[in-house]
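See below for the structure under consideration.
The numbers here are math on the coordinates, done by the rules we state, and not lab data. Just so it is clear, the model here is predicted, and its values are computed rather than measured. Methodologically, a virtual Cβ is constructed for each residue, glycine included, from the backbone with ideal geometry; neighbour enumeration extends over all protein chains shown.
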Amino acid sequence: RTPLTSIIAFVETLEDGAIDDPENNRRFLGVIRRNAERMHTLISDLLELSLIESGNISLEKVQVRLASMVADVFDTLSAKAAERQINLRNLVLPADPGRLEQMLTNLVDNGIKFNKTGGFVEVSFKKTPARGIICVADSGDGITGEHLDRIFERFYRLDRGRTRQEGGTGLGLAIVKHLARLHGGEISVSSELGKGTVFSIELPNE
Ligand code: ADP
């Protein structure tokens, strides 16, 4: 039955005398209101769909911050989720927030320092049942294999001239590595000369 059939039936029942029945009159009004709401949603969905299908909708694309948008959507739907005891998870993983921020700041800072003008640093996140993996990728010069194994050592720096200019201590990656391990995780790096470098922090999900 459509919501309208219900609405008409219950209005008729009320008109036929149920309006004076204190046991049922409010309940019937409640049924009418709920069905009117369903009808309202149905009509606006139908209008929306026909608008989209008619091809009269144009998108205005901008760069969207996915994590904060998902947080907004979760805020809107949090009451509904709570009613059904659904756990809404927005890219969460167990970590010490201050320490995680320290790790990410170090990696993004390196990605900026050892990059070329006009390059990029991109942070992405993926999750497997057991682990969360945060990747910090940059479009810098990259690091050759011989250095790659050693950059997590304290005071190890590739290009003395350039790194001195950038003013780092040579301790950043050693700190990041220790903090990742302290979380029960690990940091790894892969790099392609001339293309860039990707650091991946893997943290356990519990
Ligand atoms: P710092 O940045 O203070 O020099 P780090 O421990 O953070 O020390 O890094 C050690 C060295 O590893 C850097 O001096 C640099 O030579 C190299 N390195 C780190 N991150 C990158 C990167 N994203 N691209 C290229 N080289 C990097």
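The number of residues in segment 181-206 that are more than 15 Å from the ligand (Cβ to nearest atom) and buried (at least 18 other Cβ atoms within 10 Å of the Cβ) comes to 4.
Apart from one condition, Ser124 fits all of (1) closer than 30 Å to Thr5 by Cβ; (2) exposed (fewer than 14 other Cβ atoms within 10 Å of the Cβ); the exception is (1). Gly118 meets the conditions (1) within 12 Å of the ligand (Cβ to nearest atom); (2) free of Cβ contacts under 8 Å to residues at least 24 places away in the same chain in every case but one. The failed one is (1).
Screening Leu91, Leu29, Leu14 for residues that are part of a loop (DSSP other than H, G, I, E, B), surrounded by 10 or more Cβ atoms within 10 Å (Cβ to Cβ) and touching a helix residue (DSSP H, G or I) at 6+ places or on another chain (Cβ under 8 Å) leaves exactly one candidate, Leu91.
Got a sec? Which of Leu91, Leu107 is within 16 Å of the ligand (Cβ to nearest atom) and touching a residue at least 24 places away in the same chain (Cβ under 8 Å)? Going through Leu91, Leu107 in turn, just one is within 16 Å of the ligand (Cβ to nearest atom) and touching a residue at least 24 places away in the same chain (Cβ under 8 Å): Leu107.
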